[in-house]
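Some notes on the structure that comes next.
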Amino acid sequence: MQALGQPVPARIDVFVLAADPLSRAGTVSQLREAAGIRLVNDGHVGEGDPVALVVADEIDAETTRSVRLLRRRGVERIVLLVSRLDEKGLLGAIEAGVGGVVRRSQATPHQLGAAIRSVAAGEGTLPPDLLGRLLDQVGQLQRQVLAPRGLTFSGLTEREVSVLRLLAEGLDTGEVGGRLYYSERTVKNIIHDVTSRLDLRNRTHAVAYAIKQGLI
(Lines give C-alpha, C1' and ligand atoms only; values in the text may rest on other atoms or scores of the structure.)
Protein backbone atom coordinates (compact mmCIF):
# COMPACT_ATOMS: atom_id res chain seq x y z
CA MET A 1 0.00 0.00 0.00
CA GLN A 2 1.27 3.46 -0.82
CA ALA A 3 2.10 6.13 1.70
CA LEU A 4 -0.35 8.99 1.90
CA GLY A 5 0.71 12.38 0.67
CA GLN A 6 3.68 11.18 -1.36
CA PRO A 7 5.06 13.67 -3.93
CA VAL A 8 3.30 13.65 -7.28
CA PRO A 9 5.51 14.03 -10.38
CA ALA A 10 4.83 16.99 -12.66
CA ARG A 11 3.86 14.53 -15.38
CA ILE A 12 2.07 11.26 -14.61
CA ASP A 13 2.35 8.30 -16.96
CA VAL A 14 -1.05 6.71 -17.56
CA PHE A 15 -2.07 3.72 -19.63
CA VAL A 16 -5.66 2.81 -20.48
CA LEU A 17 -7.12 -0.69 -20.47
CA ALA A 18 -10.59 -1.15 -21.97
CA ALA A 19 -12.67 -4.09 -23.11
CA ASP A 20 -13.39 -2.54 -26.50
CA PRO A 21 -11.47 -0.18 -28.83
CA LEU A 22 -14.22 2.45 -28.89
CA SER A 23 -14.20 2.89 -25.10
CA ARG A 24 -10.42 3.10 -25.11
CA ALA A 25 -10.37 5.68 -27.90
CA GLY A 26 -12.93 7.89 -26.14
CA THR A 27 -11.07 7.72 -22.84
CA VAL A 28 -7.72 8.45 -24.46
CA SER A 29 -9.26 11.44 -26.20
CA GLN A 30 -10.45 12.85 -22.90
CA LEU A 31 -7.12 12.26 -21.18
CA ARG A 32 -5.29 14.19 -23.88
CA GLU A 33 -7.10 17.26 -22.57
CA ALA A 34 -6.04 16.63 -18.95
CA ALA A 35 -3.02 18.62 -17.78
CA GLY A 36 0.08 16.83 -16.51
CA ILE A 37 -0.72 13.43 -18.02
CA ARG A 38 1.36 11.45 -20.50
CA LEU A 39 -0.34 8.54 -22.19
CA VAL A 40 1.77 5.39 -22.50
CA ASN A 41 1.00 1.82 -23.50
CA ASP A 42 0.81 -1.03 -21.02
CA GLY A 43 4.27 -2.12 -22.05
CA HIS A 44 5.47 0.56 -19.61
CA VAL A 45 4.37 -1.58 -16.67
CA GLY A 46 7.47 -2.01 -14.55
CA GLU A 47 9.01 1.21 -15.88
CA GLY A 48 8.62 3.95 -13.31
CA ASP A 49 5.28 3.98 -11.54
CA PRO A 50 2.44 4.43 -14.05
CA VAL A 51 -1.24 4.75 -13.21
CA ALA A 52 -3.57 2.23 -14.85
CA LEU A 53 -6.98 3.50 -15.91
CA VAL A 54 -9.30 0.54 -16.36
CA VAL A 55 -12.49 1.21 -18.35
CA ALA A 56 -15.46 -1.11 -17.81
CA ASP A 57 -19.25 -1.22 -17.89
CA GLU A 58 -19.45 -2.45 -14.30
CA ILE A 59 -17.32 -3.89 -11.54
CA ASP A 60 -17.90 -7.58 -12.18
CA ALA A 61 -15.75 -10.68 -11.86
CA GLU A 62 -13.92 -9.93 -15.11
CA THR A 63 -13.11 -6.37 -14.01
CA THR A 64 -11.79 -7.41 -10.61
CA ARG A 65 -9.76 -10.16 -12.31
CA SER A 66 -8.14 -7.54 -14.55
CA VAL A 67 -7.31 -5.40 -11.53
CA ARG A 68 -5.73 -8.32 -9.66
CA LEU A 69 -3.68 -9.19 -12.74
CA LEU A 70 -2.37 -5.62 -12.86
CA ARG A 71 -1.46 -5.82 -9.18
CA ARG A 72 0.45 -9.05 -9.79
CA ARG A 73 2.33 -7.30 -12.59
CA GLY A 74 3.44 -4.67 -10.09
CA VAL A 75 0.95 -1.88 -10.85
CA GLU A 76 0.07 -0.28 -7.51
CA ARG A 77 -1.97 2.69 -8.71
CA ILE A 78 -5.25 1.85 -10.40
CA VAL A 79 -8.30 3.96 -11.27
CA LEU A 80 -11.58 2.42 -12.48
CA LEU A 81 -13.81 4.25 -14.94
CA VAL A 82 -17.19 2.49 -14.90
CA SER A 83 -20.69 2.98 -16.29
CA ARG A 84 -22.62 1.23 -13.52
CA LEU A 85 -21.60 1.28 -9.90
CA ASP A 86 -23.20 -0.04 -6.72
CA GLU A 87 -22.06 -0.76 -3.17
CA LYS A 88 -21.26 -4.43 -3.83
CA GLY A 89 -19.14 -3.59 -6.85
CA LEU A 90 -17.38 -0.81 -4.95
CA LEU A 91 -16.41 -3.17 -2.12
CA GLY A 92 -15.13 -5.69 -4.68
CA ALA A 93 -13.01 -3.02 -6.35
CA ILE A 94 -11.50 -1.88 -3.07
CA GLU A 95 -10.77 -5.47 -2.05
CA ALA A 96 -9.04 -6.05 -5.40
CA GLY A 97 -6.74 -3.06 -4.82
CA VAL A 98 -8.31 -0.15 -6.71
CA GLY A 99 -7.31 3.32 -5.55
CA GLY A 100 -9.98 5.39 -7.29
CA VAL A 101 -13.38 4.98 -8.95
CA VAL A 102 -15.05 7.40 -11.37
CA ARG A 103 -18.45 7.10 -13.06
CA ARG A 104 -18.27 7.44 -16.83
CA SER A 105 -21.32 9.74 -16.82
CA GLN A 106 -19.35 12.20 -14.66
CA ALA A 107 -15.95 11.76 -16.29
CA THR A 108 -14.85 15.15 -17.61
CA PRO A 109 -11.15 15.56 -18.51
CA HIS A 110 -10.75 17.66 -15.36
CA GLN A 111 -12.31 15.02 -13.10
CA LEU A 112 -10.35 12.19 -14.65
CA GLY A 113 -7.13 14.15 -14.22
CA ALA A 114 -7.99 14.93 -10.59
CA ALA A 115 -8.72 11.26 -9.84
CA ILE A 116 -5.45 10.15 -11.44
CA ARG A 117 -3.44 12.75 -9.52
CA SER A 118 -5.14 11.72 -6.27
CA VAL A 119 -4.30 8.06 -6.77
CA ALA A 120 -0.76 8.95 -7.86
CA ALA A 121 -0.35 10.73 -4.51
CA GLY A 122 -1.36 7.58 -2.63
CA GLU A 123 -4.80 8.92 -1.83
CA GLY A 124 -8.17 7.51 -2.84
CA THR A 125 -11.08 8.98 -4.74
CA LEU A 126 -14.70 7.84 -4.82
CA PRO A 127 -18.04 9.27 -5.98
CA PRO A 128 -19.26 11.33 -2.98
CA ASP A 129 -22.66 9.63 -2.82
CA LEU A 130 -21.04 6.21 -2.44
CA LEU A 131 -18.52 7.26 0.18
CA GLY A 132 -21.23 7.58 2.84
CA ARG A 133 -22.69 4.20 1.89
CA LEU A 134 -19.26 2.61 2.09
CA LEU A 135 -18.77 3.99 5.59
CA ASP A 136 -22.18 2.62 6.57
CA GLN A 137 -21.18 -0.83 5.31
CA VAL A 138 -17.91 -0.68 7.22
CA GLY A 139 -19.88 0.19 10.36
CA GLN A 140 -22.25 -2.73 9.77
CA LEU A 141 -19.30 -5.06 9.33
CA GLN A 142 -17.89 -3.94 12.66
CA ARG A 143 -21.23 -4.22 14.49
CA GLN A 144 -22.57 -7.41 12.93
CA VAL A 145 -19.49 -9.49 12.17
CA LEU A 146 -16.42 -8.35 14.10
CA ALA A 147 -17.84 -7.06 17.40
CA PRO A 148 -19.83 -10.23 18.22
CA ARG A 149 -16.56 -12.14 17.88
CA GLY A 150 -14.63 -9.64 19.99
CA LEU A 151 -12.60 -8.51 16.99
CA THR A 152 -11.61 -5.13 15.60
CA PHE A 153 -10.40 -4.07 12.14
CA SER A 154 -6.85 -4.26 13.43
CA GLY A 155 -7.17 -8.03 13.78
CA LEU A 156 -6.82 -7.78 17.58
CA THR A 157 -9.45 -8.48 20.21
CA GLU A 158 -10.16 -6.00 22.99
CA ARG A 159 -8.51 -8.39 25.45
CA GLU A 160 -5.35 -8.51 23.33
CA VAL A 161 -5.25 -4.73 23.06
CA SER A 162 -5.58 -4.46 26.87
CA VAL A 163 -2.63 -6.79 27.37
CA LEU A 164 -0.43 -4.95 24.88
CA ARG A 165 -1.34 -1.58 26.37
CA LEU A 166 -0.13 -2.71 29.82
CA LEU A 167 3.03 -4.24 28.37
CA ALA A 168 3.71 -0.89 26.70
CA GLU A 169 3.48 0.74 30.14
CA GLY A 170 6.37 -1.48 31.30
CA LEU A 171 4.49 -4.16 33.21
CA ASP A 172 5.71 -7.74 33.04
CA THR A 173 3.38 -10.65 32.29
CA GLY A 174 2.72 -11.36 35.97
CA GLU A 175 1.80 -7.73 36.62
CA VAL A 176 -0.41 -7.63 33.54
CA GLY A 177 -2.22 -10.74 34.78
CA GLY A 178 -2.74 -9.19 38.18
CA ARG A 179 -4.11 -5.97 36.68
CA LEU A 180 -6.55 -7.80 34.36
CA TYR A 181 -7.34 -10.71 36.72
CA TYR A 182 -5.79 -13.27 34.39
CA SER A 183 -3.23 -15.91 35.24
CA GLU A 184 0.29 -15.24 33.99
CA ARG A 185 -0.08 -18.29 31.76
CA THR A 186 -3.19 -16.76 30.18
CA VAL A 187 -1.29 -13.55 29.48
CA LYS A 188 1.55 -15.47 27.86
CA ASN A 189 -0.95 -17.40 25.75
CA ILE A 190 -2.55 -14.14 24.61
CA ILE A 191 0.83 -12.76 23.59
CA HIS A 192 1.67 -15.98 21.78
CA ASP A 193 -1.64 -15.88 19.89
CA VAL A 194 -1.00 -12.29 18.77
CA THR A 195 2.59 -12.85 17.64
CA SER A 196 1.70 -16.08 15.80
CA ARG A 197 -1.40 -14.73 14.05
CA LEU A 198 0.21 -11.47 12.92
CA ASP A 199 3.66 -12.98 12.23
CA LEU A 200 5.38 -10.81 14.85
CA ARG A 201 8.73 -11.78 16.33
CA ASN A 202 8.10 -11.29 20.05
CA ARG A 203 6.13 -9.27 22.60
CA THR A 204 8.22 -6.15 21.93
CA HIS A 205 7.38 -6.39 18.24
CA ALA A 206 3.70 -6.90 19.16
CA VAL A 207 3.71 -3.74 21.29
CA ALA A 208 5.41 -1.81 18.48
CA TYR A 209 2.76 -3.08 16.04
CA ALA A 210 -0.07 -1.93 18.32
CA ILE A 211 1.51 1.52 18.71
CA LYS A 212 2.03 1.85 14.96
CA GLN A 213 -1.61 0.91 14.34
CA GLY A 214 -2.73 3.58 16.81
CA LEU A 215 -4.30 1.03 19.14
CA ILE A 216 -2.43 2.03 22.28
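How about segment 156-180: which of its residues are part of a loop (DSSP other than H, G, I, E, B) and in contact (Cβ under 8 Å) with a residue 24 or more places away in the chain? Let's see the steps before the verdict.
Within segment 156-180, the first condition is being part of a loop (DSSP other than H, G, I, E, B), and the residues that meet it are 156, 169-172.
Scanning segment 156-180 gives a single hit, LEU156.
The set of residues in segment 63-118 being surrounded by 19 or more Cβ atoms within 10 Å (Cβ to Cβ), part of a helix (DSSP H, G or I) and touching an Asp or Glu at 6+ places or on another chain (Cβ under 7 Å) consists of GLY89 alone. Here ARG71, ARG65, ARG38 are screened, and the one residue that is modelled with pLDDT under 90, of a type in the set (D, E, K, R) and in contact with a Lys or Arg (Cβ under 8 Å, 6 or more places away or on another chain) is ARG38. Here VAL28 meets the list (1) at pLDDT 85 or above; (2) out of contact with any strand residue (DSSP E or B) (no Cβ under 9 Å at 6 or more places or on another chain) almost entirely, failing just condition (2). When GLY132, GLY100 are screened for being modelled with pLDDT of 80 or more and of a type in the set (Gly, Ala, Ser), only GLY100 passes. Among the conditions (1) at pLDDT below 85; (2) outside any loop (DSSP other than H, G, I, E, B); (3) among the hydroxyl-bearing types (Ser, Thr, Tyr), SER196 misses just one, which is (1). In segment 103-124, which residues are modelled with pLDDT under 85 and under 17 Å from PHE15 (Cβ atoms)? Within segment 103-124, ALA107 is the sole residue that qualifies.
The values are calculated or read from the model by the stated rules, or taken from the named source; none is laboratory data. None of the values given here were measured: they were computed from a predicted structure. Reconstructed Cβ throughout: ideal geometry from the backbone, glycine too, with neighbour counts over all protein chains shown.
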